[in-house]
1. Mind checking which of Thr275, Val287, Met259 is farthest towards the positive end of segment 250-302's charge dipole, using Cβ charges of +1 (Lys, Arg) and -1 (Asp, Glu) about the Cα centre?
2. Amide H neighbours of Val172 under 5 Å, counting only residues 5+ apart in sequence or on other chains, H built in-plane at 1.01 Å?
3. Straight-line reach from Lys283: which aspartates and glutamates have Cα under 14 Å away, leaving out those fewer than 8 places along the same chain?
4. Could you tell me which of rounded, prolate or oblate describes segment 119-190, using a ≥ b ≥ c as the square roots of the eigenvalues of the alpha-carbon gyration tensor, with rounded for a/c under 1.5 and, failing that, prolate when a/b is larger than b/c and oblate otherwise?
5. Kirkwood hydrodynamic radius of the chain from all distinct Cα pairs, in Å?
6. Okay, helix-only estimate at 222 nm for the chain: each DSSP H run of n ≥ 4 adds -39500 (n - 2.57), divide by all residues, round to 500 deg cm²/dmol; what do you get?
7. Can you tell me the dipole magnitude for segment 1-129 around its Cα centre, using point charges on the Cβ only (Lys, Arg +1; Asp, Glu -1), in Debye to the nearest 20?
8. Can you list the residues, at least 5 places off or on another chain, whose amide H is less than 5 Å from the amide H of Val357, using H built in the peptide plane?
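A short reminder: the numbers here are calculations on the coordinates, not readings from a lab. None of these values were measured; they are calculated from a predicted model. For neighbour counting, all protein chains shown are included, and Cβ atoms are generated from backbone atoms with ideal geometry for every residue, glycine included.
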Amino acid sequence: MADPRGFLTTPQQHPERRPVTERVQDWKEVYKPGGLLPIISKQAGRCMDCGIPFCHNGCPLGNIIPEWNDLVWKGDWEGASERLHATNNFPEFTGRLCPAPCETACVLGINQPPVTIKNVEVAIIDRAWEDGTVKPLPPERLSGRTVAVIGSGPSGLAAAQQLTRAGHTVAVYERADRIGGLLRYGIPEFKMEKRHLNRRIEQMRAEGTKFRPGMHIGVDLTGDALLARYDAIVLAVGSTKARDLEVPGRDLAGVHQAMDYLPYANKTCEGDYLTAPIDAFGKHVVVIGGGDTGADCLGTATRQGAASVTQLEIMPRPTDERPGHQPWPTYPMIFRVSSAHEENGERVYAVSTTEFVGDDNGRVQALKLTEVRFEGGRPVPVEGTEREIPADLVLLAMGFVGPERGNGLIDQLGLALDERGNIARDAEYATNVPGVFVAGDAGRGQSLIVWAIAEGRSAASSVDAYLSGTSTLPKPIPPTARQVTV
Ligand SMILES: Cc1cc2nc3c(=O)[nH]c(=O)nc-3n(C[C@H](O)[C@H](O)[C@H](O)COP(=O)(O)OP(=O)(O)OC[C@H]3O[C@@H](n4cnc5c(N)ncnc54)[C@H](O)[C@@H]3O)c2cc1C
Ligand code: SF4
């Protein structure tokens, strides 16, 4: 085990974030560069090697957390990186972006602050890249079988890497102009600098994966053509149809979906624009939706120089501590403060938007809202609480309802959908069309990067077995696996 007394002698410690006044002036990641390494070995040493490590179950990838904690504590960074890569293709993504359900399931967390697992994970992989130990792993032999992966988010990339390494010839098709899915154009640079993504894509290219950006399947290439060209297909097209808010004034200029706004900011960071076509500079910004996407809009608007940012949430404010009915080791709904919340903005809970108010030019200038209380699980307006707040830019960040229809892909392939509108699959990630599989948010519904990678790995195992008769690729989760919550 790691330090036998570490959990008694070492308090939990996180790396320092850069001062708010400094970091809102740029788009770089919020942590002080190099701030993690001096503390991380002792933090890893807090792992108790508790016998039944619930963190394994908390992590959808089944990361072997106590083993790499032990290796880090002993200074065997290369061994830790090997152990980490055995279960996770892209720890630099999860180590930065995962909400770390492993930590809320950590046994130490029953009566103390848990082990900072996610920080250990990112320290291991960042050091491995620095030390040059992350190498391309091309297959020794080719199978002669071809696979098309549609969508280049974390599920598509994980499936592609697994299948390429298993010897299949894999092409990843992406309709956007760059590879990466939401890692590229959803998640802002200040949460994960894109150099981490670019470096992985280069590794995958060196292993033999082919990338085809700018190819909209169903439009540029039909489903039939795809079926004729490839032995198997993995649909990793995400859950990109955004939930809308049908209230008066929705059509006013200045009211946008979050995913119409965030990609422009990311493209500006890539150097495609001098100023983002939808920009918050000098504006009163209202973000509707209290989740992570909303926080990403808040952090982006702050960096663009918004006059004010208000984030509205229909649900009541969660409690600061784990509520009694959400006991360890579940992933609790608690009040979380992201780096963007630390920087700026006001969060308003238990309110519902009733109308967008426009000026004479058809541009939004205000938003009407009312407070709500919940009756039988449904929000009910509280009489007499209606009010208007200034809003020059409104960003809808209310979640996603499933994969998009209408681009031909689902109809051309004749795919069945489940009752929630996601692409239906069986226990092997197979759709109703032979040879066509589905992974990630497209099958699961809107979720997290860690689930997308776990699904990509699992679907790759099924595809490999379909093409080769059997597979030794790992299969961390069945499609029905869900986070432990109440
Ligand atoms: C703004 C935002 C921030 C988020 N932040 C976090 C976070 O911090 N941590 C976290 O764990 N999760 C986060 N998530 C959720 C996470 O990003 C997703 O769960 C994850 O990316 C899903 O991966 P995926 O591979 O299934 O799909 P996606 O990443 O959505 O990728 C799907 C890709 O398929 C492409 N595509 C779709 N249709 C076609 C077609 N017909 N032809 C070709 N290409 C097509 C799309 O362009 C897209 O690039 C966030 C989500 C959003 C929207
Ligand atoms: S991927 Fe997420 S859940 Fe798994 S070990 Fe890393 S931070 Fe924890």
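1. Val287
2. Counting only residues 5 or more places away or on other chains, the set is Val149, Lys210, Phe211, Arg212.
3. Counting by Cα, and skipping residues close in sequence, Lys283 has these aspartates and glutamates nearby: Asp392.
4. On the way: a/c = 2.89, a/b = 1.18, b/c = 2.44.
It is oblate, given that a/c is not under 1.5 and a/b is not larger than b/c.
5. Details: mean 1/r = 0.0422 Å⁻¹.
Taking every pair of different Cα atoms in the chain, averaging 1/r and inverting gives 23.7 Å.
6. Numbers: 19 runs with 162 residues, N = 486.
One gets -9000 deg cm²/dmol as the mean residue ellipticity at 222 nm.
7. Numbers: 13 positive and 15 negative charges, 72 e Å.
It works out to roughly 340 debye.
8. Here Gln365, Ala366, Leu367, Lys368 satisfy the definition.
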